[in-house]
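Single-structure report; data block below.
The values are calculated or read from the model by the stated rules, or taken from the named source; none is laboratory data. Because the structure is predicted, anything quoted here is derived from the model rather than measured. Reconstructed Cβ throughout: ideal geometry from the backbone, glycine too, with neighbour counts over all protein chains shown. Accessible surface is based on the protein model in full, side chains and every heavy atom, while ligands, DNA and RNA are left aside. Shrake-Rupley method; radii C 1.70, N 1.55, O 1.52, S 1.80 Å.
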Amino acid sequence: MGDGASDIATPPGAAAPSSPSRSRGFLRQYELVARVQAYQPDADEDALNRAYVFATLKHGAQLRHSGDPYFAHPVAVAGLLTELRMDEATIIAGLLHDTVEDTDATIDEVRLHFGDEVADLVDGVTKLPRISGDEPKHKQAENFQKFILATTRDIRVLIVKLADRLHNMRTIDFMPKPESRTRIARETLEIYAPLARRVGLTVFATELEDIAFRIVNPEACAAIEKRLAEMVADSETDLAHIEDDIRLVMVASGVHGELKGRMKKPYSVWRKLEMKSISFKDLGDVFAFRLVLPTVEDCYRALGAAHREWAVLSDRFKDYISVPKPNGYRSIHTTFLGPGNRRIELQIRTAEMDDIAERGVAAHWTYKNASYGFDAEAARAGGLDAQGELRGFADMLAHGAEPEEFLEHAKLEMYRESVFVFTPKGRLVKLPAGATPLDFAYAVHTEIGDTCVGARINGVERPLRIALENGDVVDILRGARAAAHPHWEGLVVTGRARSAIRRLTRASERQELEALGRRLLGNALKRVGLAPDDINEPEIAHRAGHAHFEDLLEAIGRRRVSTADVIAKAFPGVQDPARAVEAADVVPLPSLVVGADLTAGVTLKLAECCSPLPGDRIVGVHLPERGIEVHTIDCQRLADFDTANDPWVDLRWKPAGPGETLAVGRIRVTTANRRGALATLCKAVSDAQANIVNVKTVKRSADFFDFDFDVEVEDAKRLTQIVAALRALSVVDSADRVRG
Ligand code: MN
């Protein structure tokens with residue numbers, strides 16, 4: 001499914017496939033059964049056979065874009081699921097996963113033949129029926145909601161879906177339309193790969209990212225691969241040397257196992273360039289070795305030997321064997337200085353830990369009865385709760401978020417790293433990095449968020465806009481009643497808090513806009529000599545193209561409709577002597593910034609010290625006689641303002657409409673003084689689909705150039721991506737956003 005329907009290419013009048021010429025040897029029925037029996041000897045062979053035949057018959061003559069018969073796809077998905085050693089119900093669901101969506105099979109039919117367990121899994125990965133006229137975006141979001149809900153009930157729904165997506169990505173080159181390839185690849189990077197990581201399915205996540213990144217950002221991918229290749233070429237002998245050294249140390253300490261060397265993948269390098277303020281050369285451990293040993297004792301013995309032999313970077317040492325990660329991951333990580341002061345990361349773990357590191361939640365079905373102790377109850381008590389992780393999304397659904405909103409927030413949340421804070425009673429609360437006291441309040445309880453008026457952090461009252469840090473003790477100060485603060489939406493990072501604030505705001509905002517619209521319309525009526533009592537409200541609304549008068553008032557309040565237009569439409573005969581003057585009461589707010597406290601006509605200016613871009617978190621400072629200056633919330637200069645008379649104005653960015661003006665951001669790039677360097681930089685920026693409006697040489701020496709680029713971008717995130725693209729270039733020493 002996923003891209004299932006668009007991937008069917010049934011030629012008219014095609015016969016059932018007999019010997020498809022382009023088929024790439026898919027798994028035969030007996031092979032699939034044998035694979036399942038290899039790890040689950042008591043598997044129900046008959047059920048597997050029936051499912052294989054059912055899928056084959058139902059998909060019949062349908063073909064994939066590759067020219068393969070369609071049923072090769074569900075068979076491949078089932079094959080991937082056997083690689084994860086999933087239970088029989090999941091394998092059968094893999095075989096049947098597209099039958100209800102793409103053939104005449106019904107969910108009742110599946111239930112009748114294969115039982116409730118399989119039917120529920122198939123239903124979980126089946127999209128809602130298509131109704132013509134649906135907004136495609138809305139539909140996508142609704143489908144995602146349905147799928148997340150099914151996943152919170154049974155995590156195997158997610159595993160089937162990820163196998164489905166992986167096979168579709170492996171065959172994506174056959175999709176004829178480049179824009180479909182890009183859309184699916186982007187969706188994979190934004191949603192499915194992070195979901196796979198979340199539940200520890202590392203093998204799937206890595207391959208999904210690999211294929212998708214190449215499609216979404218081919219230039220950056222190529223640049224990173226080139227640099228990684230240069231690094232390997234530079235250090236090949238070193239690496240072989242280190243590998244030998246590690247083997248020697250193992251032999252000397254009497255442990256025997258498998259040593260694997262590996263290199264970071266382009267996408268993980270890209271994420272680091274994008275997220276952290278580092279340049280390529282500071283990436284550090286691009287090289288890592290993994291030692292897989294028979295027992296835990298062997299792991300510690302090898303660790304001791306390694307630490308005796310090499311200079312260890314103590315701050316990088318992590319023992320996830322004694323303290324597993326919340327997702328169940330166990331391994332020892334240590335980093336030491338190798339030849340040429342190169343940092344080398346070494347991971348040490350047992351074969352079972354290695355297996356769980358690669359398969360995550362899917363390993364549950366292998367180990368739930370084994371001695372490893374990876375059973376759901378224990379794992380949950382220790383913090384692993386893959387379904388609980390996803391339950392956060394389900395909470396958002398309960399708060400009545402619009403499907404689109406939900407999808408957007410889900411994407412954001414999947415990328416966040418965490419911060420751990422405490423309630424005054426010592427309860428641990430996990431939040432995404434950058435979360436504020438408001439996020440905390442909503443995480444504890446919606447009612448606490450709704451009534452929040454302030455926060456005490458580690459005993460000191462602090463503003464609600466600051467980001468929480470690990471270990472903070474947060475005490476929420478509450479008012480008597482819930483109160484709407486629309487601008488608080490800009491202060492939170494969790495979807496849960498945001499949708500709760502929106503829900504609270506929506507009602508009161510609408511009331512305010514209606515009241516404003518009523519005032520504006522009242523003024524306009526007075527101008528043309530009419531009184532509010534003279535008018536027929538439903539009739540005016542109808543003539544102005546709105547179903548209800550309240551909707552019209554809201555539209556006027558939002559300045560989407562001018563009162564002059566309403567008068568002209570509702571009273572065609574009436575002369576509006578002040579049509580020109582009327583325009584004055586619709587002073588447009590500055591196109592990019594909106595705030596709850598802004599009155600029309602106020603001057604807004606972006607501060608030069610921090611040069612805010614759309615997407616940055618911002619705050620306004622009201623300066624007498626000069627209007628409002630907009631700063632980023634981390635601007636150093638905020639400390640200089642006189643806070644005694646409370647100059648703060650809460651502001652947020654208005655979502656930019658298509659074709660709206662772009663903002664200009666500045667990037668400072670230091671490059672080697674090399675022929676063609678500037679051309680390379682300019683090409684990278686234009687490959688990232690941004691416009692350079694100005695380039696300036698800031699400093700030059702025999703070895704280095706400093707350039708400032710002014711680039712047109714739609715928001716801060718875009719600028720971050722360009723900075724990352726520049727950092728990936730070999731001529732670039734450093735690249736950073738410049739403020740001021
Ligand atoms: Mn499919």
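Some observations on this one:
- Matching residues in region 713-724 - criterion: being at pLDDT 85 or above and not hydrophobic (A, V, I, L, M, F, W, C): Thr720, Gln721
- Failed item, numbered, when Pro647 is tested on (1) open to solvent by less than 50 Å² (accessible area, probe 1.4 Å); (2) modelled with pLDDT of 80 or more: (2)
- Region 165-184, subset open to solvent by less than 20 Å² (accessible area, probe 1.4 Å) and closer than 19 Å to Ala141 by Cβ, residue nearest to the ligand (Cβ to nearest atom): Arg165
- Filter result for Ile211 (open to solvent by less than 50 Å² (accessible area, probe 1.4 Å) and out of contact with any Lys or Arg (no Cβ under 8 Å at 6 or more places or on another chain)): no
- Apart from one condition, Arg510 fits all of (1) under 34 Å from the mean Cα position of the chain (by Cα); (2) open to solvent by 80 Å² or more (accessible area, probe 1.4 Å); (3) within 30 Å of Ile567 (Cβ to Cβ); the exception is (2).
- When the helices (runs of 4 or more DSSP H) confined to region 161-261 are screened for residues that are of a type in the set (Ser, Thr, Tyr), those reaching at least 1 such residues are found at 178-187, 202-216, 218-252.
Residues checked against (1) in a loop (DSSP other than H, G, I, E, B); (2) modelled with pLDDT under 80; (3) exposed (fewer than 13 other Cβ atoms within 10 Å of the Cβ):
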site	(1), (2), (3)
Leu468	yes, no, no
Arg498	no, no, no
Thr505	no, yes, no
Asp533	no, yes, yes
Ala541	no, no, no
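- Pairs linking a residue in region 553-570 that is over 12 Å from Ala541 (Cα atoms) and not assigned by TED's automatic domain parsing to the domain that holds Ala541 to a residue that is assigned to a helix (DSSP H, G or I) and among the polar types (S, T, N, Q), with Cβ atoms under 7 Å and 6 or more positions apart or on different chains, do not occur.
- Here Ala43, Ala51, Ala47 are screened, and the one residue that is in a loop (DSSP other than H, G, I, E, B) and open to solvent by less than 20 Å² (accessible area, probe 1.4 Å) is Ala43.
- Being farther than 30 Å from Ser562 by Cα, open to solvent by 70 Å² or more (accessible area, probe 1.4 Å) and outside any loop (DSSP other than H, G, I, E, B) is a property that holds for Arg456.
- The condition (being within 14 Å of the ligand (Cβ to nearest atom), modelled with pLDDT of 90 or more and over 28 Å from the mean Cα position of the chain (by Cα)) is satisfied by just one residue among Val118, Val100, Val122: Val100.
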